[in-house]
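A quick write-up on the structure given underneath.
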């Protein structure tokens, strides 16, 4: 018994042992319910989920299945009724608003269906916004922000539109600005809610290709909600929700190119 304990301590102290990083996202026993005047509506009913670093996960399911609610909880935009959420090693369950905002600014990029660009800021200023709010995310110097923003705008084909305001951009161009903004602080996790939902087929395909290309280049863990089979077919893992529960979880060895 003593020998076993000593052996275990030696293993724990061995500096040559590889350090295994935690999953990018860990969810356990997650529920979300909303009380009404007459009854309780259960939106999520005990979701357990682990997403590894670098995975590209598509969350699918019919309307009302709970997929957008799950994404909002992962982003810290809402609080669960019960359960735990750990993002990049940090337990966000029960964090107050200020601490959650700080963590979200450092670790999460978010792409909304409706773009959510500030109308009084130019394309470049919109891309820069999360960088300025986080003080450079503790990495690059603040003076490097504009250079990073221009590089991202160039990568989505909008460098020549950097001084235009959202009202001067098409829907597809606005979503491309939103993509650049999401990657601005090099977050380890990117969440996207129907990123092609408001776009026509051609613009949707363009945004999809840019999203996948940027994600591969930046090495981000990508989790998105979609109804679009063309989008989900590109994911390396597909999770389907129904009535607030995961009913299938499929890993794809060769996603569609």
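Numbers at a glance
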{"item": "Test set (1) over 24 Å from residue 216 (Cα atoms); (2) at pLDDT 95 or above; (3) exposed (fewer than 15 other Cβ atoms within 10 Å of the Cβ); (4) under 18 Å from the mean Cα position of the chain (by Cα) - residue 47 fails condition number", "result": "(3)"}
{"item": "Qualifying positions in the range 152-187 - free of Cβ contacts under 8 Å to residues at least 12 places away in the same chain and surrounded by 15 or more Cβ atoms within 10 Å (Cβ to Cβ)", "result": "159"}
{"item": "Answer residue from the range 76-94, given it is more than 13 Å from the chain's Cα centre (by Cα), more than 19 Å from residue 23 (Cβ to Cβ) and assigned to a loop (DSSP other than H, G, I, E, B) and is modelled with the highest pLDDT among those", "result": "81"}
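The values are calculated or read from the model by the stated rules, or taken from the named source; none is laboratory data. No experiment lies behind these values; they were computed from the predicted model shown. Positions of Cβ are generated from backbone atoms using ideal geometry, with glycine treated the same way; all protein chains shown enter the neighbour counts.
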